[in-house]
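Enquirer: I have a structure here, written as structure tokens, and I will follow up with some questions on it.
The values are calculated or read from the model by the stated rules, or taken from the named source; none is laboratory data. As the structure is a prediction and not an experimental result, all values here were calculated from the model. Don't worry about glycine lacking a Cβ; one is built from the backbone with ideal geometry, like all the others, and counts go over all protein chains shown. All accessible areas refer to the heavy atoms of the entire protein, side chains included, with ligands and DNA or RNA removed. Shrake-Rupley method; radii C 1.70, N 1.55, O 1.52, S 1.80 Å.
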Amino acid sequence: MQTLSESPKKSPVPTLSSQVKAGRPYIYVVGANGTAVIDPTNGQLIVVASGVAPGAWYLFMDNHYRDQFGRVWSQSSAIEESYSALASVYITDPKTFRTENTIPLGYNAVHTVGLTPDGKFAVVPIGSGTKLNVYDTKSFEQVATVNVGDSPFDMMISSDGKYCCTPEVNSDTLTVVDPKTWKVMAKVPIGEGSGSFMVTTWPNNKFASVECCGYHGGKYNLALGPPAAPTGKGFAIKYVDLTSQSVIKSIPLDFLAVWDEFTPNGKYDFIFGPLAAKTVVVDTGTLEVAETIELESSPGLNGYITPDPNGKYVYASVKSGLQMIDTSSLQVVDTFPTGGVTGTPFVLK
């Protein structure tokens, strides 16, 4: 059972503007350096509050699911060179701006946390431990351990709850786990030297997209610096059929893609990364690139793209603000100020 640290002291909740109206959706951009609340009807920045683990050098959170209490789970890895910072998982309420609990994970490379669609379980890839830790989101107790390949970096559970997918950088595989039993169902080869490290399951629950960095050896830094070494295969995104357990398409990229995100209808897949001021859009019907959209700036390590639930827009959090992309024209149509915050956008009522 995981021993938890004491819950952090809760800071006072910032007072939101009187313009916030109950029942209306607002965009909460939640990052390490702050939380920005934006009214999507006029692009007004309403408040900037404290973020998740301010000062964390490397912190990702998944925008696909929140836990059963509406909280988001995020993490930061230990700093390998000096261990001046240890790994932790943070459980945060995006509406109250409070970190409700912290799970310490010591001298480990801890990567993107994911949740089951019902929000009852959180899955934490431990890259330096070749395993997935599974936590009950109510009790915060560790309820399962799944042994996987070398350096799991990400994970996502399909919306039907059938597949838990985790790519492993140094094994060049995608491990598929049954979320009901937490047993390994399959190991899909992604390609020697591919450096498979990030994954998104499709809205139709039949496929998964796997970002490949073309690096090995970087449990902590991945392709961002030593000790990671290039394999010569380059950057790519690969699409996997979860039924046949095979790669059906590989698209080479000229930048390190870390995330991809779909429109709610599944028509387009937006591919982006922390160091590139653009997003590549793939038509999921043809698996061909439909458009490359230039952004005002790069997302940085904490920036993310999130679709609006109505499917009309996707929101890209970049260093210059929150850019609104029209999913019909595939063009940036507006940029909202975020007060310098970059993070994961959540559309919340």
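Enquirer: Looking only at the stretch 281-299, count every residue that is open to solvent by 10 Å² or more (accessible area, probe 1.4 Å) and within 21 Å of residue 64 (Cβ to Cβ) and tell me the total.
Expert: Going through the stretch 281-299 one residue at a time, the tally reaches 1.
Enquirer: Then there is this: I'd like the full set of residues that are of a type in the set (Asp, Glu) and either open to solvent by less than 50 Å² (accessible area, probe 1.4 Å) or in contact (Cβ under 8 Å) with a residue 60 or more places away in the chain (or both), limited to the stretch 224-260.
Expert: Within the stretch 224-260, the first condition is being of a type in the set (Asp, Glu), and the residues that meet it are 241, 254, 260.
Of everything in the stretch 224-260, those that are of a type in the set (Asp, Glu) and either open to solvent by less than 50 Å² (accessible area, probe 1.4 Å) or in contact (Cβ under 8 Å) with a residue 60 or more places away in the chain (or both) turn out to be 241, 260.
Enquirer: Taking the condition of being at positive phi and assigned to a strand (DSSP E or B), how many residues in the stretch 209-259 meet it? Step through it out loud before you land on a result.
Expert: To start, the set of residues in the stretch 209-259 that are at positive phi comprises 214, 217, 222, 225, 232, 234, 245.
Still in the list and also assigned to a strand (DSSP E or B): none.
Here the count works out to 0.
Enquirer: Okay, moving on. Would you please list the contacts, defined by Cβ atoms under 8 Å and residues six or more apart or on different chains, that run from a residue in the stretch 174-190 that is charged (D, E, K, R) and modelled with pLDDT of 95 or more to a residue that is open to solvent by less than 20 Å² (accessible area, probe 1.4 Å) and assigned to a strand (DSSP E or B)?
Expert: Taking only residues 6 or more apart or on different chains, the pairs are 178/164; 183/146; 183/177; 187/174; 187/175; 187/176.
Enquirer: Is it fair to say residue 338 is closer than 28 Å to residue 75 by Cα and under 19 Å from the mean Cα position of the chain (by Cα)?
Expert: Values: closer than 28 Å to residue 75 by Cα: yes; under 19 Å from the mean Cα position of the chain (by Cα): no.
No, not satisfied.
Enquirer: Tell me which residues, restricted to the stretch 116-152, are of a type in the set (Ser, Thr, Tyr) and without any contact (Cβ under 8 Å) to a residue 40 or more places away in the chain.
Expert: Applying the first criterion (of a type in the set (Ser, Thr, Tyr)) to the stretch 116-152 yields 116, 128, 130, 135, 137, 139, 145, 151.
Those that are of a type in the set (Ser, Thr, Tyr) and without any contact (Cβ under 8 Å) to a residue 40 or more places away in the chain: 130, 139, 145.
Enquirer: If we keep just the residues of the stretch 311-323 that are without any contact (Cβ under 8 Å) to a residue 40 or more places away in the chain and open to solvent by less than 20 Å² (accessible area, probe 1.4 Å), which is farthest from residue 59 (Cα to Cα)?
Expert: Checked the stretch 311-323; the qualifying residue farthest from residue 59 (Cα to Cα) is 323.
Enquirer: Next up: Can you name the number of the only condition in (1) buried (at least 16 other Cβ atoms within 10 Å of the Cβ); (2) among the acidic types (Asp, Glu); (3) over 19 Å from the mean Cα position of the chain (by Cα) that residue 308 fails?
Expert: All conditions pass for residue 308, except number (3).
Enquirer: Something else: Scan the stretch 155-185 residue by residue and report those that are open to solvent by 10 Å² or more (accessible area, probe 1.4 Å), over 20 Å from residue 143 (Cα atoms) and part of a strand (DSSP E or B).
Expert: 173
Enquirer: Please work out which residue is farthest from the chain's Cα centre (by Cα), limiting yourself to the stretch 191-208 and to residues that are outside any loop (DSSP other than H, G, I, E, B) and farther than 15 Å from residue 228 by Cβ. Break it down into steps so the answer makes sense when it comes.
Expert: Taking the stretch 191-208 as the starting set, the residues that turn out to be outside any loop (DSSP other than H, G, I, E, B) are 196-201, 207-208.
Now restrict to residues that are farther than 15 Å from residue 228 by Cβ: 199-201, 207-208.
Values: 199: 9, 200: 9, 201: 12, 207: 17, 208: 14 Å.
Checked the stretch 191-208; the qualifying residue farthest from the chain's Cα centre (by Cα) is 207.
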